[in-house]
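K.L.:
Below is the structure I would like to discuss, written out as structure tokens.
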Amino acid sequence: MRPNRGGRLARWVLAAMVWVAGAAAHAQVLDNVGVTQDGTNAVVRIDFAVRIQYLRHVPVDTGDAIRVFFQITASDDNAAGLVEVERRPQPNDLVPRMRVVYPAQAPGVQRRIDILFDKPVSFRLRPVDNHTLELLIPLSDEQRAKLKAAGASSPGAAAASFAAGAIPLPPTPAAPAAPTDVDQRAATDYAAGRAALEAGDHERATLALNRLLNLPPNAYTQTGQELIGIAREKGGETAKAKAEFELYLKLYPDGPGAARVAQRLAALAPAVPGLSAPIPGGGPAPAVAVSPWTYWGSVSQYYYGGQSQATTTTTTVTPATGATTIDTAKITATDQSQLITNVDLTARYRIGNWDSRAVIRDSYNANFLSSGNSQNRLTAAYGESRYLPWQLMGRVGRQSGTSGGVLGLFDGALASWGFRPDYRVNAVAGKPVDPAFNTSKTFYGASVDADNIANRFSGNLFAIRQVVSGNEDRFGVGGEFRYFDAERNVYSLVDYDPTFGALNVGMVQGTWQFPTQTTLNFIADYRRTPTLQLTNALVANPTSSISALVQTLGIDATRELAKSVTPISKMYLVGVTQQLSPKWQLGFDYRLSTLSGTPAVQSLPAMPGTGNVSTYTLQAIGNGLTKYQDILVVNGSALRGAQFDAWLFGLDYRFVVMQNLTLEPLLKYYQQHDKAGLHLSRTTPGIRASWRIRERFSLEAEFDLERTHSTGPLVDDDVTRRFFYLGWRWDL
């Protein structure tokens, strides 16, 4: 933990918030990375600012560089951007120093992030929902000992440490002399739950013990009730553990485990920093002064440059004479020259039952082209505070919304109250950042969340209303539903607008991991693109205002116009990944997509639909092939559509030399043929490099050479483009 610089840091954070207050917004892929402890595991939670579908990752379970492949499923796909984005978690003793990087990559079906640790870790990666991934990393015995020792010296932690392990597990009940079918099933679930608890797998223990407690009362019910409280406590679910222990004392006040349960329940009572906490059966824990302030983040600068040279050959045939004229034109120009400065800062203040933080993420793009514009991009500037005993949370400022019907980045407030251990109610209000057509919109909404129902289900119900110029812009009602267990994860979302009488989003996606080291992914996605809103009607008449349009056409006709010019996107994907050996895996994805057309209305011409577009992708991934900590990715894709066919081949090889220097040669080849007789081929070799000079300072660079050749009935083009970026990053 850093020295106490609370006053100076608080003033600096406030000044920084004022400095970026008027900045323009720009969406990014990564939102936040956090690390928490869950029993004997560290949990790395990666939150995205867009909705995603996980595809596969490499290596499978051990390594210091993890590459995760996914696709962006939300309609704001272009929000991904072409610049690199990086997030780091709060400094901690749970995992080695780490960072999550979204490399600069052109928009495409498949994207990736790199999760980079300073040292190799063993892990298990799992998707949580459509905007979150988690890594479970087992803690070593040495780490657990250090954490226990550190916790014992902090206010109130001695009681929690006592509760976590000082009291022995209850003895196993004797088996009935004449067991019934229920007793036999209970014995199986009890044995599975106790074995998982002793092995440190608290998730499996809770699942097994829940199955036991759902059976009719039997010889194992009472001890099972005590064990599930211990499983939840060691799994970090303190509120649920207290509820389980309280239920035990209510059901079995004179039971053989009552004294043990009472001790554990007392140890879970919240402590007040600065005061000593009672230890059951012992004296007070010493109060140790610990700084309530922590802060972390990074500052970086990258220069992006690009130059293109184009040669265009035009063939002209004179109809009267049949004479052929060939004209050749050459153009050389600098098409990219910009310096991007990124600031990512988080300050956290924890004292007593309060946990507060301030977050700022800002990017300034200094564009040096004569035709370019410099701009500031503010993606986060908010303060957040939590009152833990009542499960209260409030957040105010610029933030991203990915659930509850909220559409992306907004300025406003979010509040949440956990009125029961597994239930909470949320309220949100604000203004979307940079809405289309320079309109001014406001929205408000509410939702109710349910978590860990029967340890396999969670979800929410929401309603949200958005207003523009006194008119209802959008009214969304719907819900999210999730099923999860150790092998499977299924997530679904419905967003319906009763005012328009139309479905905005209907989707289901999931992942299934089999014992054969086979992973199956699927998604079925129906959505309006963009989300159905009254202001979509301005597409047909962008020079008007929504008030003038409503006054001219009437509200009902304006809604019908908005509905008619908002196309419908449908997308289906099935993917399978098979681990062939410890060093190789093979993946295949099939994606079917279509975008409906729109009719000709007012100044907007008719837009034809895309028809069915099929994409077939085969991906071979190797890791640990040499001593250089390498990852080799070979891609092949074929696209078949009504308007054109295309093929893509990619080669990406990342390896580490001299410990702190990482090199990544790249190669892409793309070919396309369309129905109008245009043939295009593009070859792009490149190389990316990262050199960590000091523990907290690194240099990064990439160079690409792109050669494109296209031929058509009358025009041939040859374009050579050189692109590079070079930058530095300093971690606070």
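K.L.:
Please determine, by comparing only the residues of region 394-440 that are more than 21 Å from the chain's Cα centre (by Cα) and acidic (Asp, Glu), which one is modelled with the highest pLDDT.
P.N.:
422
K.L.:
Is there a residue in region 417-436 that is small (Gly, Ala, Ser), more than 20 Å from residue 537 (Cβ to Cβ) and touching an Asp or Glu at 6+ places or on another chain (Cβ under 6 Å)?
P.N.:
Yes, there is a match, as at least one residue in region 417-436 is small (Gly, Ala, Ser), more than 20 Å from residue 537 (Cβ to Cβ) and touching an Asp or Glu at 6+ places or on another chain (Cβ under 6 Å).
K.L.:
Yes or no: region 597-609 includes at least one residue that is touching a residue at least 60 places away in the same chain (Cβ under 8 Å) and surrounded by fewer than 16 Cβ atoms within 10 Å (Cβ to Cβ).
P.N.:
Yes, there is a match, as at least one residue in region 597-609 is touching a residue at least 60 places away in the same chain (Cβ under 8 Å) and surrounded by fewer than 16 Cβ atoms within 10 Å (Cβ to Cβ).
Conditions tested, residue by residue: (1) more than 30 Å from residue 69 (Cβ to Cβ); (2) touching a Leu at 6+ places or on another chain (Cβ under 7 Å).
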residue: 554; (1), (2): yes, no
residue: 574; (1), (2): no, no
residue: 584; (1), (2): no, no
residue: 588; (1), (2): no, yes
residue: 601; (1), (2): yes, yes
residue: 613; (1), (2): no, yes
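K.L.:
Say whether the condition of being in a strand (DSSP E or B), basic (Lys, Arg) and in contact (Cβ under 8 Å) with a residue 40 or more places away in the chain is met by at least one residue in region 345-354.
P.N.:
yes
So that you can scan it fast, the table gives a plain yes or no per residue for (1) buried (at least 17 other Cβ atoms within 10 Å of the Cβ); (2) on the phi > 0 side of the Ramachandran plot; (3) over 27 Å from the mean Cα position of the chain (by Cα):
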position: 616; (1), (2), (3): no, no, no
position: 658; (1), (2), (3): no, yes, yes
position: 678; (1), (2), (3): no, no, yes
position: 683; (1), (2), (3): no, no, yes
position: 721; (1), (2), (3): yes, no, yes
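K.L.:
Restrict the check to region 463-481 and report whether at least one residue is in a loop (DSSP other than H, G, I, E, B) and at pLDDT below 90.
P.N.:
no
K.L.:
Here is a list of conditions, (1) open to solvent by 20 Å² or more (accessible area, probe 1.4 Å); (2) in contact (Cβ under 8 Å) with a residue 12 or more places away in the chain, and residue 566 meets all of them except one; can you say which number that is?
P.N.:
If we test residue 566 against (1) open to solvent by 20 Å² or more (accessible area, probe 1.4 Å); (2) in contact (Cβ under 8 Å) with a residue 12 or more places away in the chain, just (1) comes out false.
K.L.:
Give the residue, chosen from 469, 458, that is among the small types (Gly, Ala, Ser) and in contact with a strand residue (DSSP E or B) (Cβ under 6 Å, 6 or more places away or on another chain).
P.N.:
It is 458.
K.L.:
State whether one or more residues within region 439-451 are farther than 25 Å from residue 73 by Cα and either of a type in the set (A, V, I, L, M) or part of a loop (DSSP other than H, G, I, E, B) (or both).
P.N.:
Within region 439-451 (the criterion being farther than 25 Å from residue 73 by Cα and either of a type in the set (A, V, I, L, M) or part of a loop (DSSP other than H, G, I, E, B) (or both)), the answer is yes, since at least one residue qualifies.
K.L.:
Looking at residue 499 and the list (1) in a strand (DSSP E or B); (2) farther than 26 Å from residue 193 by Cα; (3) in contact (Cβ under 8 Å) with a residue 24 or more places away in the chain, which single condition is not satisfied?
P.N.:
Of everything listed in (1) in a strand (DSSP E or B); (2) farther than 26 Å from residue 193 by Cα; (3) in contact (Cβ under 8 Å) with a residue 24 or more places away in the chain, residue 499 misses just condition (1).
K.L.:
Kindly indicate the residue of region 356-379 that is open to solvent by 20 Å² or more (accessible area, probe 1.4 Å) and charged (D, E, K, R) and also farthest from residue 409 (Cα to Cα) among those meeting that condition.
P.N.:
Out of the qualifying residues, it is 357.
K.L.:
Scan region 469-491 residue by residue and report those that are of a type in the set (Gly, Ala, Ser) and out of contact with any Gly (no Cβ under 7 Å at 6 or more places or on another chain).
P.N.:
Correct list: 469, 470, 486.
K.L.:
Let me ask something additional. Can you list the strands (runs of 3 or more DSSP E) lying wholly within region 618-725 that have 3 or more residues being within 30 Å of residue 596 (Cβ to Cβ) and either in contact with a strand residue (DSSP E or B) (Cβ under 8 Å, 6 or more places away or on another chain) or not acidic (Asp, Glu) (or both)?
P.N.:
The qualifying strands (runs of 3 or more DSSP E) are 631-640, 644-657, 661-674, 679-694.
K.L.:
For region 516-540, what are the residues that are outside any loop (DSSP other than H, G, I, E, B) and closer than 30 Å to residue 552 by Cβ?
P.N.:
If the condition is that a residue be outside any loop (DSSP other than H, G, I, E, B) and closer than 30 Å to residue 552 by Cβ, then 527, 528, 534, 535, 536, 537, 538, 539 are the ones that fit.
K.L.:
How about region 398-417: which of its residues are of a type outside the set (D, E, K, R) and either without any contact (Cβ under 8 Å) to a residue 60 or more places away in the chain or open to solvent by 60 Å² or more (accessible area, probe 1.4 Å) (or both)?
P.N.:
399, 401, 406, 407, 410, 412, 413, 414, 415, 416, 417
K.L.:
Checking residue 704 against (1) within 29 Å of the chain's Cα centre (by Cα); (2) touching a residue at least 60 places away in the same chain (Cβ under 8 Å), only one condition comes out false. Which one?
P.N.:
Every listed condition holds for residue 704 apart from (2).
K.L.:
To continue, here is another question. May I ask you to verify whether residue 392 is in contact with a Lys or Arg (Cβ under 8 Å, 6 or more places away or on another chain) and closer than 24 Å to residue 729 by Cα?
P.N.:
The answer is no for residue 392.
K.L.:
Go through (1) closer than 21 Å to residue 237 by Cα; (2) at pLDDT 85 or above and name the single condition residue 173 misses.
P.N.:
That leaves (1) as the condition not met.
K.L.:
Determine whether residue 558 is hydroxyl-bearing (Ser, Thr, Tyr) and over 13 Å from residue 471 (Cβ atoms).
P.N.:
The answer is no for residue 558.
K.L.:
Determine whether region 541-552 contains at least one residue that is in contact with an Asp or Glu (Cβ under 7 Å, 6 or more places away or on another chain) and either in contact (Cβ under 8 Å) with a residue 40 or more places away in the chain or outside any helix (DSSP H, G or I) (or both).
P.N.:
No: zero hits.
K.L.:
What are the residue pairs meeting all of these: first residue in region 294-311, first residue in a strand (DSSP E or B), second residue open to solvent by less than 30 Å² (accessible area, probe 1.4 Å) and of a type in the set (Val, Ile, Thr), Cβ atoms under 6 Å, and 6 or more apart or on different chains?
P.N.:
That search, which allows pairs on different chains as well, returns 296/346; 297/346; 299/343; 302/340; 309/720.
K.L.:
Within region 486-502, which residues are within 26 Å of the chain's Cα centre (by Cα) and either of a type in the set (Gly, Ala, Ser) or open to solvent by 20 Å² or more (accessible area, probe 1.4 Å) (or both)?
P.N.:
Within region 486-502, 486, 487, 488, 490, 492, 494, 496 qualify.
K.L.:
Oh, and also: Exactly one condition in (1) over 30 Å from residue 512 (Cβ atoms); (2) touching a Phe, Trp or Tyr at 6+ places or on another chain (Cβ under 6 Å); (3) surrounded by fewer than 18 Cβ atoms within 10 Å (Cβ to Cβ) is not met by residue 437; state its number.
P.N.:
(2)
K.L.:
Among 145, 164, which is in contact with a Lys or Arg (Cβ under 8 Å, 6 or more places away or on another chain), under 27 Å from residue 193 (Cα atoms), modelled with pLDDT under 75 and open to solvent by 40 Å² or more (accessible area, probe 1.4 Å)?
P.N.:
Just a single option satisfies the conditions, and that option is 164.
K.L.:
A further question follows. So if I check each of 218, 210, which one is polar (S, T, N, Q) and either touching an Asp or Glu at 6+ places or on another chain (Cβ under 7 Å) or outside any helix (DSSP H, G or I) (or both)?
P.N.:
218
K.L.:
Here is a follow-up. Could you say which residue among 710, 690, 698 is surrounded by fewer than 17 Cβ atoms within 10 Å (Cβ to Cβ), in contact (Cβ under 8 Å) with a residue 12 or more places away in the chain and polar (S, T, N, Q)?
P.N.:
Selected residue: 710, the only one of 710, 690, 698 that is surrounded by fewer than 17 Cβ atoms within 10 Å (Cβ to Cβ), in contact (Cβ under 8 Å) with a residue 12 or more places away in the chain and polar (S, T, N, Q).
The values are calculated or read from the model by the stated rules, or taken from the named source; none is laboratory data. Computed from a predicted model, the values in this text were never measured in an experiment. Cβ coordinates were reconstructed from backbone atoms using ideal geometry, including for glycine residues, and neighbour counts include every protein chain displayed. Surface areas here come from the heavy atoms of the whole protein model, side chains and all, with no ligands, DNA or RNA. Shrake-Rupley method; radii C 1.70, N 1.55, O 1.52, S 1.80 Å.
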